[in-house]
Structure formats: C-alpha cells, structure tokens
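Student: Here it is, the structure, as structure tokens.
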Amino acid sequence: NPLNKDEIIEKSNLIEKNSNQFFKKKLLKIINIGRLTDQKDHLTLIKSLNLINKKINFRMLIIGYGINKKFLEKKIKYYNLKKFIKIINNKHNPFPYLKKSDLFILSSKYEGLPNVILEAQTLKKYVISSNCPTGPKEILKKGKNGSLFKVGDYRQLASIILDFNKNKKKYNKIANKAYKDLSRFDYKKNCRKYLSIIH
C-alpha cells in the first residue's frame, strides 16, 4: 500500500481538541485505532490490560466506532478499568493522539494490509501486533521491527507490554529502525511501479 509519510507527520502536528486530556499524565500511553468489530478483537486487548492493571501505570485510548462499542464498554466496567481505558469515536485526524502515545497495539483476528501499523511507525511508535493473516508479519519483518503475539493470546500480549514498559529505550531503538525501513511503502516509489506496469 502507498504511504504518504509527509502528510501523516503534518497532520500529527495539528491541534486536535481534547487530544491532551487523556494522555496528560506521565505514565505508559497506549493507543489502538480501528473499527469496534469482532475482527479487531478488542476483547483480547482489554483482557491483557486487566492482567497488568496493578503492575504498571497506564492509559489506553481506543479510537473507533462500531457495533461492539456497548459490549466493550461493559467489559471495561466489568474489569474495573474505566479509569484506565477510554473509547472515543472515530476521528477524521487521529494522528495528534497517535503522536502523544508511547505504544500502538493491533489485536486483530485478520487484516488485509493494516495501514494503521504503517502510520504508527511513521510517527516512530513501537508496534505490538497480533500475528494475524495478513500484513503484520510482513510489515514488522517477522518481529524485527515490532512485536508479534498469537491471535487471542492476551497473556502473551500482557507480557510484551510489561517488557516494553521496563525496557523502553531498547524498544524505541527498534521503532526508529522500523521508521527507516518504511521506504519500501513510499507512495511515490509505488506509484512509479504501478505506472511502469501500465506503460
């Protein structure tokens, strides 16, 4: 998929109302962006955060809309995580929120090619993703440019989050490397390839 890094970075610098409110404290700031559907498997994400709730200080922001919103809000309440996890409606420009986060997590059961991982890497965020078909394994170079966990394995996800919180410098170096490797998704380069095939 073509990726316009300049546009993402430019949009991330725009002032987005309320983007500071949830992420204003000095703690681990986690974000997820995607439709609130079974495909995205937010339940695995919530269950993983329930395991680490008393071990680290964090805030989780989920940006999206969909049929599972009320179900997920009930689960958040059930696990007593309302103080720590917030769901907000889909944003036309989610990049200011992404820029303020420390960690991006994708928990999907399946994908096509998840552009949101590329967008997170563009803003030099470390990515943890389910090893779902298809896309994450390729983008993250089999775990070299981010962490992969088994689909639905909330315990493994929780373990990776804890390790990230403990070793942020190490993981941020990986995030910087992942940013440099984004050249293969550059939209100008890919447009030239499409044009050459057409010609």
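Student: Give the accessible surface of the stretch 1-67 per residue, rounded to a whole number of Å², with probe radius 1.4 Å and ligands, DNA and RNA excluded.
Tutor: 54 Å²
Student: Is there a quick way to get the dipole size of the stretch 41-84? I mean about its Cα centre, with the Cβ of Lys and Arg at +1 and of Asp and Glu at -1; what is the value in debye to the nearest 20?
Tutor: So the dipole magnitude of the stretch 41-84 works out to roughly 220 debye.
Student: How large is the accessible surface per residue of the stretch 147-192, computed with a 1.4 Å probe and reported in Å² as a whole number? Kindly include the intermediate steps, with their values, before the conclusion.
Tutor: On the way: 2810 Å² over 46 residues.
I get 61 Å² per residue for the stretch 147-192.
Student: For L195 and I88, what does the FRET efficiency come to when R0 = 35 Å and r is the distance between their Cβ atoms, rounded to the nearest 0.05?
Tutor: So, using R0 = 35 Å, E works out to roughly 0.35.
Student: Could you size up the charge dipole of the stretch 93-199 around its Cα centre, putting +1 on the beta carbon of Lys and Arg and -1 on that of Asp and Glu, and report it in debye to the nearest 20?
Tutor: 480 debye
Student: Sticking with this structure for a sec: Once label points are set 7 Å from the Cα along Cα→Cβ at both K70 and K168, what is their separation, rounded to one decimal in nm?
Tutor: Each label point is offset 7 Å from its Cα along the Cβ direction, giving 3.9 nm.
Student: While we're looking at this one, here's another question. Quick one: putting +1 on the C-beta of Lys and Arg, -1 on the C-beta of Asp and Glu, what dipole do you get for the stretch 1-146 around its Cα centre, in Debye to the nearest 20?
Tutor: 840 debye
Student: I would also like to ask the following. Calculate what fraction, in whole %, of the accessible area of the chain sits on carbon and sulfur atoms when a 1.4 Å probe is rolled over the protein chains.
Tutor: Roughly 50 percent of what the probe reaches on the chain is carbon or sulfur.
Student: Mind ordering 65-77, 100-112 by average Cβ neighbours within 10 Å, highest first?
Tutor: Values: 65-77: 15.0, 100-112: 20.9.
Final packing ranking: 100-112, 65-77.
Student: Bin width 10 Å, alpha-carbon pairs only: give the P(r) of the stretch 2-156 as whole percents, running from 0 to the bin holding the largest distance.
Tutor: Going out from 0 Å in 10 Å bins, the stretch 2-156 shows 11, 42, 38, 8, 0 percent.
Student: Distance cut-off 18 Å, Cα to Cα: go down the list K100/K124; K29/K141; K54/K77; K75/K150 and report the pairs above it.
Tutor: K29/K141; K75/K150, as the Cα separations exceed 18 Å there.
Student: In the stretch 134-151, whose amide N lies under 20 Å from the spot 7 Å out along Cα-to-Cβ of K109? List them in ranges.
Tutor: Within reach of a label on K109, which here means backbone N under 20 Å from a point 7 Å along Cα→Cβ, the stretch 134-151 contributes 134-137, 149-151.
Student: Okay, next question. Under the Kirkwood approximation for Rh and a Cα-based Rg, what ratio Rg/Rh is obtained for the stretch 87-199? Kindly include the intermediate steps, with their values, before the conclusion.
Tutor: On the way: Rg = 15.0 Å, Rh = 15.0 Å.
With Rh from the inverse mean 1/r over Cα pairs, Rg/Rh is 1.00.
Student: Additional query: Given the DSSP H assignment, sum -39500 (n - 2.57) over each helix run of at least 4 residues in the chain and divide by its residue total; what's the result at 222 nm in deg cm²/dmol, nearest 500?
Tutor: Mean residue ellipticity at 222 nm (helix-derived): -12500 deg cm²/dmol.
Student: I'd like to know which of F104, N50, I67 lies farthest towards the positive end of the charge dipole of the chain, counting +1 on Cβ of Lys and Arg and -1 on Cβ of Asp and Glu.
Tutor: Final value for the positive-end residue is N50.
Student: Rounded, prolate or oblate: which one fits the stretch 132-182, using the alpha carbon gyration tensor with axes a ≥ b ≥ c (rounded when a/c is under 1.5, else prolate when a/b beats b/c, else oblate)?
Tutor: Oblate.
Student: With the contact rule set at Cα under 8 Å and sequence spacing of 6 or more, what percent relative contact order holds for the stretch 37-195?
Tutor: For the stretch 37-195, the relative contact order is 23 percent.
The values are calculated or read from the model by the stated rules, or taken from the named source; none is laboratory data. These figures come from a predicted structure and were not determined experimentally. Don't worry about glycine lacking a Cβ; one is built from the backbone with ideal geometry, like all the others, and counts go over all protein chains shown. With ligands, DNA and RNA removed, areas are computed over all heavy atoms of the protein, side chains included. Shrake-Rupley method; radii C 1.70, N 1.55, O 1.52, S 1.80 Å.
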